[in-house]
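Participant: Sharing a structure below in C-alpha coordinates format, with a few things to ask.
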Amino acid sequence: QCPVMSLPFAMKTSLSSVPCDIPYLNVEPAWVAKWSARLGPRTRPRIGFAWSTTTAGENRSLPLTRLTPLFALPLEWICLQKDISENDCVELDKLTRVRRFDTQIVDFSDTAALAQLCDLVISIDTAVAHVAGALGKPLWVVLPFASEWRWLIDRSDSPWYATARLFRTTAAGDWSGTIHRVEQQLKARMRPGSPNKPAAT
(Lines give C-alpha, C1' and ligand atoms only; values in the text may rest on other atoms or scores of the structure.)
Protein backbone atom coordinates (compact mmCIF):
# COMPACT_ATOMS: atom_id res chain seq x y z
CA GLN A 1 0.00 0.00 0.00
CA CYS A 2 1.09 3.56 -0.70
CA PRO A 3 -0.60 6.89 0.09
CA VAL A 4 -1.50 8.61 -3.16
CA MET A 5 0.51 11.72 -2.32
CA SER A 6 3.59 9.54 -1.81
CA LEU A 7 3.40 7.96 -5.25
CA PRO A 8 5.77 10.49 -6.92
CA PHE A 9 8.40 9.58 -4.30
CA ALA A 10 7.77 5.86 -4.65
CA MET A 11 7.91 6.08 -8.46
CA LYS A 12 11.00 8.34 -8.34
CA THR A 13 9.17 10.94 -10.41
CA SER A 14 11.24 13.92 -11.57
CA LEU A 15 10.39 16.96 -13.69
CA SER A 16 11.77 15.21 -16.73
CA SER A 17 9.54 12.17 -16.22
CA VAL A 18 6.25 13.88 -15.39
CA PRO A 19 3.78 12.55 -17.99
CA CYS A 20 2.49 15.31 -20.24
CA ASP A 21 0.80 13.43 -23.05
CA ILE A 22 -2.19 15.69 -23.67
CA PRO A 23 -4.96 15.68 -24.40
CA TYR A 24 -5.70 12.64 -22.28
CA LEU A 25 -9.37 13.59 -21.91
CA ASN A 26 -11.78 13.89 -24.79
CA VAL A 27 -15.35 15.11 -24.97
CA GLU A 28 -18.00 12.99 -26.62
CA PRO A 29 -19.06 14.62 -29.92
CA ALA A 30 -22.71 14.53 -28.83
CA TRP A 31 -21.89 16.70 -25.80
CA VAL A 32 -19.95 19.18 -27.93
CA ALA A 33 -22.81 19.36 -30.41
CA LYS A 34 -25.33 19.94 -27.61
CA TRP A 35 -23.39 22.82 -26.12
CA SER A 36 -22.44 24.25 -29.49
CA ALA A 37 -26.15 24.56 -30.26
CA ARG A 38 -26.78 26.25 -26.90
CA LEU A 39 -23.96 28.73 -27.39
CA GLY A 40 -25.01 29.58 -30.92
CA PRO A 41 -22.82 31.27 -33.54
CA ARG A 42 -19.49 32.59 -32.36
CA THR A 43 -19.22 36.35 -32.84
CA ARG A 44 -16.23 37.02 -30.58
CA PRO A 45 -13.39 34.99 -29.09
CA ARG A 46 -14.75 32.86 -26.26
CA ILE A 47 -13.06 32.87 -22.88
CA GLY A 48 -14.16 30.37 -20.25
CA PHE A 49 -13.53 31.32 -16.64
CA ALA A 50 -13.81 30.15 -13.03
CA TRP A 51 -13.00 32.28 -10.02
CA SER A 52 -13.98 30.48 -6.82
CA THR A 53 -14.22 27.12 -5.16
CA THR A 54 -16.31 25.90 -2.26
CA THR A 55 -13.96 23.09 -1.28
CA ALA A 56 -10.55 24.68 -0.79
CA GLY A 57 -11.26 27.80 1.23
CA GLU A 58 -10.66 31.44 0.39
CA ASN A 59 -6.98 30.99 -0.44
CA ARG A 60 -7.80 29.69 -3.91
CA SER A 61 -10.83 31.90 -4.54
CA LEU A 62 -10.86 35.51 -5.62
CA PRO A 63 -13.72 38.02 -5.48
CA LEU A 64 -15.66 38.11 -8.73
CA THR A 65 -15.43 41.91 -8.72
CA ARG A 66 -11.65 41.61 -9.17
CA LEU A 67 -12.34 40.38 -12.71
CA THR A 68 -14.30 43.49 -13.71
CA PRO A 69 -11.44 44.90 -15.88
CA LEU A 70 -11.41 41.68 -17.88
CA PHE A 71 -15.15 41.72 -18.54
CA ALA A 72 -14.80 45.18 -20.13
CA LEU A 73 -12.80 43.64 -22.98
CA PRO A 74 -14.73 42.84 -26.20
CA LEU A 75 -14.85 39.09 -25.63
CA GLU A 76 -17.54 36.48 -25.03
CA TRP A 77 -17.15 35.28 -21.45
CA ILE A 78 -18.39 31.79 -20.61
CA CYS A 79 -18.92 31.01 -16.93
CA LEU A 80 -17.67 27.46 -16.30
CA GLN A 81 -18.75 27.27 -12.65
CA LYS A 82 -21.73 25.29 -11.49
CA ASP A 83 -21.76 26.47 -7.87
CA ILE A 84 -22.17 30.25 -7.64
CA SER A 85 -22.87 32.21 -4.47
CA GLU A 86 -25.95 34.36 -4.21
CA ASN A 87 -23.88 37.54 -4.15
CA ASP A 88 -21.93 36.50 -7.25
CA CYS A 89 -25.19 35.69 -9.04
CA VAL A 90 -26.27 39.28 -8.47
CA GLU A 91 -22.96 40.55 -9.87
CA LEU A 92 -23.10 38.24 -12.88
CA ASP A 93 -26.55 39.49 -13.79
CA LYS A 94 -25.03 42.95 -14.28
CA LEU A 95 -22.44 41.72 -16.77
CA THR A 96 -23.78 41.75 -20.32
CA ARG A 97 -20.79 39.96 -21.82
CA VAL A 98 -20.91 37.02 -19.42
CA ARG A 99 -22.98 33.96 -20.23
CA ARG A 100 -24.08 31.71 -17.35
CA PHE A 101 -25.00 28.05 -17.58
CA ASP A 102 -24.75 27.01 -13.93
CA THR A 103 -28.33 25.70 -13.84
CA GLN A 104 -27.70 23.65 -17.00
CA ILE A 105 -24.37 22.13 -16.00
CA VAL A 106 -25.11 18.67 -14.60
CA ASP A 107 -21.62 17.17 -14.33
CA PHE A 108 -18.09 17.50 -15.67
CA SER A 109 -19.14 16.25 -19.09
CA ASP A 110 -20.97 19.54 -19.49
CA THR A 111 -18.05 21.53 -18.07
CA ALA A 112 -15.62 19.78 -20.40
CA ALA A 113 -17.81 20.38 -23.44
CA LEU A 114 -18.08 24.09 -22.63
CA ALA A 115 -14.32 24.32 -22.10
CA GLN A 116 -13.74 22.53 -25.39
CA LEU A 117 -15.74 25.22 -27.18
CA CYS A 118 -13.70 28.07 -25.65
CA ASP A 119 -10.60 29.60 -27.20
CA LEU A 120 -8.99 30.07 -23.79
CA VAL A 121 -9.80 29.10 -20.21
CA ILE A 122 -8.83 31.38 -17.31
CA SER A 123 -9.24 29.75 -13.92
CA ILE A 124 -8.10 29.73 -10.35
CA ASP A 125 -6.62 26.49 -9.01
CA THR A 126 -9.74 24.37 -9.18
CA ALA A 127 -11.10 21.36 -11.05
CA VAL A 128 -12.01 23.53 -14.05
CA ALA A 129 -8.31 24.26 -14.62
CA HIS A 130 -7.44 20.57 -14.55
CA VAL A 131 -10.24 19.68 -16.97
CA ALA A 132 -9.08 22.34 -19.42
CA GLY A 133 -5.46 21.27 -19.05
CA ALA A 134 -6.31 17.61 -19.61
CA LEU A 135 -8.24 18.59 -22.74
CA GLY A 136 -5.18 20.40 -24.05
CA LYS A 137 -6.98 23.75 -24.16
CA PRO A 138 -5.03 27.01 -23.84
CA LEU A 139 -5.17 27.60 -20.08
CA TRP A 140 -4.22 30.49 -17.83
CA VAL A 141 -4.16 29.59 -14.14
CA VAL A 142 -4.38 32.40 -11.58
CA LEU A 143 -2.53 31.21 -8.48
CA PRO A 144 -2.56 32.53 -4.89
CA PHE A 145 0.62 33.62 -3.13
CA ALA A 146 1.11 30.21 -1.48
CA SER A 147 -0.01 27.91 -4.25
CA GLU A 148 -0.34 24.13 -4.18
CA TRP A 149 2.79 22.03 -4.53
CA ARG A 150 2.00 20.71 -8.01
CA TRP A 151 2.43 24.19 -9.54
CA LEU A 152 6.02 24.27 -8.21
CA ILE A 153 7.71 27.67 -7.78
CA ASP A 154 9.50 30.29 -9.87
CA ARG A 155 8.02 29.22 -13.18
CA SER A 156 5.13 30.29 -15.39
CA ASP A 157 4.62 26.95 -17.13
CA SER A 158 3.52 23.55 -15.87
CA PRO A 159 5.07 20.13 -16.45
CA TRP A 160 1.59 18.63 -16.08
CA TYR A 161 -0.13 20.66 -18.81
CA ALA A 162 1.89 21.87 -21.78
CA THR A 163 -0.78 24.41 -22.75
CA ALA A 164 -0.93 26.06 -19.31
CA ARG A 165 0.46 29.43 -18.31
CA LEU A 166 0.68 30.38 -14.64
CA PHE A 167 -0.06 33.84 -13.24
CA ARG A 168 1.27 33.94 -9.69
CA THR A 169 0.11 36.34 -6.99
CA THR A 170 3.15 38.01 -5.42
CA ALA A 171 1.59 38.96 -2.06
CA ALA A 172 -0.97 37.17 0.07
CA GLY A 173 -4.50 38.27 -0.79
CA ASP A 174 -3.35 40.85 -3.36
CA TRP A 175 -4.98 39.81 -6.62
CA SER A 176 -4.88 43.24 -8.30
CA GLY A 177 -1.44 42.95 -9.87
CA THR A 178 -2.13 39.41 -11.06
CA ILE A 179 -5.40 40.34 -12.74
CA HIS A 180 -3.71 43.37 -14.31
CA ARG A 181 -1.12 41.07 -15.89
CA VAL A 182 -3.89 38.82 -17.18
CA GLU A 183 -5.66 41.86 -18.63
CA GLN A 184 -2.51 43.05 -20.40
CA GLN A 185 -1.84 39.61 -21.86
CA LEU A 186 -5.44 39.34 -23.06
CA LYS A 187 -5.09 42.69 -24.81
CA ALA A 188 -1.86 41.52 -26.43
CA ARG A 189 -3.55 38.31 -27.53
CA MET A 190 -6.34 40.32 -29.16
CA ARG A 191 -4.06 42.59 -31.19
CA PRO A 192 -4.22 42.16 -34.98
CA GLY A 193 -1.48 39.89 -36.16
CA SER A 194 -0.99 38.21 -32.79
CA PRO A 195 -0.11 34.53 -33.37
CA ASN A 196 -2.33 33.61 -30.41
CA LYS A 197 -5.36 35.61 -31.49
CA PRO A 198 -8.32 33.20 -31.89
CA ALA A 199 -10.60 33.56 -34.84
CA ALA A 200 -14.12 34.81 -34.13
CA THR A 201 -15.93 32.49 -36.48
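The values are calculated or read from the model by the stated rules, or taken from the named source; none is laboratory data. What you see is a predicted model; the values in this text were computed from it and never measured. Note that each Cβ is placed from the backbone with ideal geometry, even for glycine, and that neighbours are counted across all protein chains shown. Heavy atoms of the whole protein, side chains included, go into the accessibility calculation; ligands, DNA and RNA do not. Shrake-Rupley method; radii C 1.70, N 1.55, O 1.52, S 1.80 Å.
Participant: Only one of these conditions is not met by Asp154: (1) within 30 Å of Thr13 (Cβ to Cβ); (2) surrounded by 14 or more Cβ atoms within 10 Å (Cβ to Cβ). Which number is it?
Facilitator: (2)
Participant: Looking at Asp88, Asp83, which is the one that is within 18 Å of Gln104 (Cβ to Cβ), in contact with a Ser or Thr (Cβ under 9 Å, 6 or more places away or on another chain) and surrounded by 16 or more Cβ atoms within 10 Å (Cβ to Cβ)?
Facilitator: Among Asp88, Asp83, only Asp88 is within 18 Å of Gln104 (Cβ to Cβ), in contact with a Ser or Thr (Cβ under 9 Å, 6 or more places away or on another chain) and surrounded by 16 or more Cβ atoms within 10 Å (Cβ to Cβ).
Participant: Could I ask something else about it? Can you tell me which residue in the stretch 1-29 is farthest from Asp107 (Cα to Cα), limited to those that are among the small types (Gly, Ala, Ser) and more than 26 Å from the chain's Cα centre (by Cα)?
Facilitator: Per the stated criteria, the residue is Ala10.
Participant: Which number in (1) touching a strand residue (DSSP E or B) at 6+ places or on another chain (Cβ under 6 Å); (2) open to solvent by 30 Å² or more (accessible area, probe 1.4 Å); (3) aliphatic (A, V, I, L, M) marks the one condition that Ala146 misses?
Facilitator: (1)
Participant: Go through the residues of the stretch 105-113 one by one and say whether even a single one is in contact with a Ser or Thr (Cβ under 9 Å, 6 or more places away or on another chain), acidic (Asp, Glu) and either farther than 14 Å from Trp140 by Cβ or surrounded by 14 or more Cβ atoms within 10 Å (Cβ to Cβ) (or both).
Facilitator: no
Participant: Going through the stretch 115-129 one residue at a time, which ones are within 9 Å of the chain's Cα centre (by Cα) and among the acidic types (Asp, Glu)?
Facilitator: Asp125
Participant: Only one of Asn26, Asn59 is within 20 Å of Ser147 (Cβ to Cβ), touching a residue at least 24 places away in the same chain (Cβ under 8 Å) and not acidic (Asp, Glu). Can you tell me which?
Facilitator: The unique qualifying residue is Asn59.
Participant: With respect to the numbered conditions (1) surrounded by 11 or more Cβ atoms within 10 Å (Cβ to Cβ); (2) touching a residue at least 40 places away in the same chain (Cβ under 8 Å), which one is the sole condition not fulfilled by Thr178?
Facilitator: Of everything listed in (1) surrounded by 11 or more Cβ atoms within 10 Å (Cβ to Cβ); (2) touching a residue at least 40 places away in the same chain (Cβ under 8 Å), Thr178 misses just condition (2).
Participant: Would you confirm whether any residue within the stretch 2-23 is in contact (Cβ under 8 Å) with a residue 60 or more places away in the chain, surrounded by 11 or more Cβ atoms within 10 Å (Cβ to Cβ), over 22 Å from Arg181 (Cα atoms) and not hydrophobic (A, V, I, L, M, F, W, C)?
Facilitator: For the stretch 2-23, residues in contact (Cβ under 8 Å) with a residue 60 or more places away in the chain, surrounded by 11 or more Cβ atoms within 10 Å (Cβ to Cβ), over 22 Å from Arg181 (Cα atoms) and not hydrophobic (A, V, I, L, M, F, W, C): present.
Participant: Quick check on the stretch 31-42. Is at least one of its residues open to solvent by 60 Å² or more (accessible area, probe 1.4 Å), touching a residue at least 24 places away in the same chain (Cβ under 8 Å) and in a loop (DSSP other than H, G, I, E, B)?
Facilitator: No, because not a single residue in the stretch 31-42 is open to solvent by 60 Å² or more (accessible area, probe 1.4 Å), touching a residue at least 24 places away in the same chain (Cβ under 8 Å) and in a loop (DSSP other than H, G, I, E, B).
Participant: Go over the candidates Ala164, Ala132, Ala172, Ala112 one by one and state the one that is over 17 Å from the mean Cα position of the chain (by Cα) and hydrophobic (A, V, I, L, M, F, W, C).
Facilitator: Ala172
Participant: Within the stretch 68-80, count every residue that is closer than 13 Å to Leu95 by Cβ and either open to solvent by 60 Å² or more (accessible area, probe 1.4 Å) or within 13 Å of the chain's Cα centre (by Cα) (or both).
Facilitator: Residues in the stretch 68-80 being closer than 13 Å to Leu95 by Cβ and either open to solvent by 60 Å² or more (accessible area, probe 1.4 Å) or within 13 Å of the chain's Cα centre (by Cα) (or both): 5 in total.
Participant: Please work out which residue is surrounded by the most Cβ atoms within 10 Å (Cβ to Cβ), limiting yourself to the stretch 157-171 and to residues that are among the hydrophobic types (A, V, I, L, M, F, W, C) and either modelled with pLDDT of 95 or more or over 24 Å from Phe71 (Cα atoms) (or both).
Facilitator: Ala164
Participant: Follow-up question, since we're still on this one. Taking helices (runs of 4 or more DSSP H) that do not extend beyond the stretch 77-190, which have at least 1 residues that are touching a Lys or Arg at 6+ places or on another chain (Cβ under 6 Å) and over 22 Å from Pro23 (Cα atoms)?
Facilitator: In the stretch 77-190, the matching helices (runs of 4 or more DSSP H) lie at 86-92, 176-190.
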